[in-house]
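Student: Take a look at the following structure, please.
Every read-out reported here was derived from the displayed coordinates using simple, explicitly stated rules and does not represent laboratory data. Here the structure is a predicted model, which means the values were calculated and not measured. Neighbour counts are summed over all protein chains in view; Cβ atoms, including those assigned to glycine, are modelled from backbone coordinates with ideal geometry.
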Amino acid sequence: MSQPTTEPPTSALDLAEEFLDRTTPLSRIRSTLHRYPAISPAIVLVLSVIVFGLLNDRFWNPANLSLITQQVAVVGTLAVAQTLIILTAGIDLSVGAVMVLSSMVMAQTTVQLGVPAVLGIFLGLVVGLAAGAFNGFLVTRLKLPPFIVTLGTLNIFVALTLLYSGGATIRGGEMPELLTWTGETFNIAGVNITIGVLMMLVLYIVIALILQKTAWGRHVYAVGDDPESARLAGIRVNRVLMSVYLAAGAILALGAWIQIGRSNAASPNAGADLNLDSITAVVIGGTSLFGGRGTVWGTLLGALIVGVFRNGLSLAGLDVLWQTFAVGVLIVLAVSIDQWIRKVRK
Amino acid sequence: MTDTIAPDAAGDAATETRTPILRARRLVKTFGRVVGLDGVSLELYPGEVLAVIGDNGAGKSTLIKCLTGAEIPDEGEIFLDGKPVHFKRPQDAHAAGIETVYQNLAVSPALDVAANLFLGREVRKKGILGSVFRVVDQKGMRQKAKDELKELGITTLQDVTVAVENLSGGQRQAVAVARAAAFGSKVVVLDEPTAALGVRESNQVLELIKNLRDRGIPVILISHNMPQVFDVADRIHIQRLGKRAATITPESHSMTDAVAIMTGAARA
């Protein structure tokens, strides 16, 4: 295009521009990653599985693989809720606290008030929805930044949990069987899979389909991408945001049920790490903290990467602190890659 | 056609035999003590491109915002197809068939071309998948998007599955214009559509505007660019100090005349 000779058809020119845009291999990689943000976490997961498998034979042990999936189940479920919120350019620091509150309600209503298990789970769901509605109300009506809102509600929910439970843990043995059912295992190809892990996987499939196939899913992306554009296109931005926080609340209640089965108890102190761990999974999974870009599949990969790293490093005999160190490195790497990818945008 | 529809006092008089598709009568809008619109009238006739020009602060944007529901006028009436309308928000104008392409390109960068065209009015699949599970008809929408772009003569967007952020400025503008023009809209309003574009891309957008007119869709074009205005407009509404200074045509007046009226150096 250096010599403006005879003007070729515009479309050809545009094609030429596009072509010139991507001639270097690096920029081509970048635009591919841009289009499929789940590729980089997938590569990291495959590499880490290979490396840890070579480092220690026990890594491939069915019991160990089963353990990894179980360790991932709760944070993986919470991370789905977190993904939805981060896709709208928000963030939820209270996911773990809501999950614990919901699990305490499920356990206490059934054990202490003696309500039927189904009703107890339903009440836990109501609490999850109410917490989501509260966050959503503050974000959409009072127009407060989600970070501040959920920093506040995190403390509120933690306090409510302790007030409500009196700080006491309820053991699984006291609960109706339905509550701990999520911890039951069945066997696939020698690997024990819990009902909770299965529920998590079904949740991923359902949410992925909703995000891809429904108008609501597109609106979630559009709102996160550019809320003003979405509004001008006729999308009711606040309604979409509210529905996202409600959906997140429901997912957190599911996480509460899975958590009860996983730890065979309902403890008011269970979720402290989960608030940030869910964000870690989302970020490592390639979802952009700036909203509008990412997939739940990436989040699943992110959760698995964290699980595999923690497990592999501990099998390799490293200090627990090195696990945390490694996860920190992963986060910084993931965000750097996201920034680099986003430079495609002119 | 009358060359000059002189100031707003006389603006109410029926100087045209055609009925305007969109008509504003004596709009007044004040912001505190600042008078944005001081009794402005405007008529848009079927199948024409009406340019709105004026200096900064002349009330162009306020006028357009009133017509598209982004602002509510204090006084005055707006008629669409002869019927009075009262827009409270942009969605109302949108629903009535007035589509606006905003200066800042209201597109969603991460979504593809087809998804952007249908954003906020997605088509669902037929049958239980669509009605119960609310699954969108991706294939159908992509096909319709292709047809729509072809009909509008937009050749620069061959692939409707490309994310909008990978497009050039002109192509993005084409997406925004196509969205406004598609789906049987009655009036398309373009706010400085070429402000951020290069020469070649501007020309594509101007071609697009002419295409819209040829399809019978009336266009209101807000622009600072005199050559462009004189290239595409059938009539030119000149806004000055919150009032309509004149409505001229490219044939009746030269660019210099238009600028003179705009700045108050000459009377219409």
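Student: Give me P(r) over the protein assembly as shown, computed from all C-alpha to C-alpha distances, binned every 10 Å, as integer percentages.
Tutor: Reading upward from the zero bin: 3, 15, 21, 20, 16, 12, 8, 4, 1, 0.
Student: A follow-up question, please. What fraction of the Cα pairs in the stretch A:48-206, stated in percent, has a spacing above 20 angstrom?
Tutor: On the way: 7533 of 12561 pairs.
Looking at the stretch A:48-206, the distances longer than 20 Å represent 60 percent of pairs.
Student: Report, in debye and to the nearest 20, how large the dipole of chain B comes out about its Cα centre when Lys and Arg carry +1 and Asp and Glu carry -1 on their Cβ. Mind showing how you got there, number by number?
Tutor: On the way: 33 positive and 32 negative charges, 176 e Å.
With only Lys, Arg, Asp and Glu charged at Cβ, the dipole is about 840 debye.
Student: Tell me, what are the semi-axes, in whole angstrom and largest first, of the equivalent ellipsoid of chain A as set by the roots of 5 times the Cα gyration tensor eigenvalues?
Tutor: Values: eigenvalues 298, 141, 52 Å².
Sorted largest first and rounded, they come to 39, 27, 16 Å.
Student: How large is the dipole of the stretch B:77-160 about the Cα centre if only Lys and Arg carry +1 and Asp and Glu carry -1, each at its Cβ, rounded to the nearest 20 debye?
Tutor: Details: 13 positive and 11 negative charges, 91 e Å.
That gives the stretch B:77-160 a dipole magnitude of about 440 debye.
Student: Next question. If you project the alpha carbons of the stretch A:120-201 onto their three principal axes, what span does each projection cover, largest first, in Å?
Tutor: Rounded to whole Å, the extents work out to 51, 31, 20 Å.
Student: Can I ask one more? Can you work out ³J(HN,Hα) from phi for every residue in the stretch B:18-31, in order, using Karplus 6.51 cos²θ - 1.76 cosθ + 1.60 and θ = phi - 60°, giving whole Hz and x for Gly and Pro?
Tutor: 3J(HN,Hα) across the stretch B:18-31, in whole Hz: 6, 9, x, 7, 10, 9, 10, 10, 6, 6, 10, 9, 10, 10.
Student: So what is the calculated 222 nm ellipticity per residue for chain A, using -39500 (n - 2.57) for each DSSP H run with n of 4 or more, over all residues, to the nearest 500 deg cm²/dmol?
Tutor: On the way: 15 runs with 248 residues, N = 346.
It comes out at -24000 deg cm²/dmol, rounded to the nearest 500.
Student: Taking Cα atoms of the stretch A:23-139, Rg/Rh with Kirkwood Rh, to two decimals?
Tutor: Numbers: Rg = 20.4 Å, Rh = 18.0 Å.
We get a ratio of 1.14 for the stretch A:23-139.
Student: Oh, and also: At each listed q (0.13, 0.21 Å⁻¹), what is the log10 of I(q)/I(0) that the Debye formula gives for the stretch B:34-185 modelled as equal alpha-carbon point scatterers?
Tutor: The calculated log intensity ratios at q = 0.13, 0.21 Å⁻¹ are -0.73, -1.31.
Student: Gap in Å between the Cα centre of the stretch B:121-169 and the Cα centre of the stretch A:122-175?
Tutor: 40 Å
Student: Just to be sure I understand: of the beta bridges DSSP finds with both ends in chain B, what percent are antiparallel, rounded to 5? Don't skip to the end; give the middle numbers.
Tutor: Values: 23 of 40 bridges.
Antiparallel bridges make up about 60 percent of those DSSP assigns within chain B.
Student: Using bins 10 angstrom wide from zero, how does P(r) for chain B break down, in % of all Cα pairs?
Tutor: Histogramming chain B at 10 Å steps yields 7, 29, 34, 20, 8, 2, 0 percent.
Student: How many nm separate the modelled label positions at A:SER336 and B:GLN158, each set 7 Å beyond the Cα in the direction of the Cβ?
Tutor: 3.8 nm
Student: Another one. Relative to the present Cα-Cα distance, how much length would full extension add between A:ARG236 and A:THR32 at 0.36 nm per residue of separation?
Tutor: Length gained, A:ARG236 through A:THR32: 70.3 nm.
Student: Take every residue in peptide B:109-116, count the Cβ atoms of other chains within 10 Å of its Cβ, and give the average of those counts.
Tutor: Details: counts 8, 14, 10, 1, 0, 0, 4, 4.
Whole-number average of other-chain Cβ neighbours for B:109-116 is 5.
Student: Still on this structure: Over all directions, what mean area does the Cα convex hull of the stretch A:62-101 project, stated in square nanometres?
Tutor: Values: hull surface 12.9 nm².
Value for the stretch A:62-101: 3.2 nm².
Student: Oh, and also: Take peptide A:207-220, look around each residue's Cβ out to 10 angstrom, count Cβ atoms belonging to other protein chains, and average those counts. Working shown, then result.
Tutor: On the way: counts 0, 0, 2, 3, 0, 3, 9, 7, 11, 3, 4, 11, 5, 0.
So the per-residue partner count for this stretch is 4.
Student: Take the alpha carbon atoms of the stretch A:185-199, find their center, do the same for the stretch B:79-93, and report the distance between the two centers in whole angstrom.
Tutor: Value for the Cα centre distance between the two parts: 59 Å.
Student: Across the residues of A:26-38, average count of Cβ atoms on other protein chains within 10 Å?
Tutor: Working: counts 0, 0, 0, 0, 0, 2, 0, 0, 4, 3, 0, 1, 0.
If you average over the peptide's residues, the count of other-chain Cβ atoms is 1.
Student: To make sure I understand the rule: partners must be lysines, Cα under 22 Å from the Cα of B:LYS83, and not fewer than 8 residues away in the same chain. Which ones qualify?
Tutor: Candidates past the 8-residue exclusion: B:LYS29, B:LYS65, B:LYS186.
Student: Another question, if that's okay. Report the full-extension gain for the segment A:GLN112 to A:LYS143: residue separation times 0.36 nm, less the Cα-Cα distance, to one decimal in nm. Intermediate values should be presented prior to the final figure.
Tutor: Numbers: separation 31, 0.36 × 31 = 11.16 nm, distance 3.90 nm.
Roughly 7.3 nm would be gained on extension.
Student: Where does each of A:ILE210, A:ILE85 land when they are ranked from fewest to most other beta-carbon atoms within 10 angstrom? Kindly include the intermediate steps, with their values, before the conclusion.
Tutor: Values: A:ILE210 18, A:ILE85 29.
Ordered by Cβ neighbours within 10 Å, fewest first: A:ILE210, A:ILE85.
Student: Using the Kyte-Doolittle scale, find the helices of chain A whose mean hydropathy is at least 1.0 and whose Cα atoms extend 20 Å or more along the helix's long axis, counting only whole DSSP H runs. Working shown, then result.
Tutor: Working: long enough: A:39-55 (24 Å, 2.74); A:62-87 (35 Å, 1.45); A:95-111 (24 Å, 1.60); A:117-140 (34 Å, 2.07); A:146-165 (27 Å, 1.71); A:195-213 (27 Å, 2.43); A:237-263 (38 Å, 1.16); A:296-315 (28 Å, 1.44); A:320-342 (34 Å, 1.46).
Span-like helices here: A:39-55, A:62-87, A:95-111, A:117-140, A:146-165, A:195-213, A:237-263, A:296-315, A:320-342.
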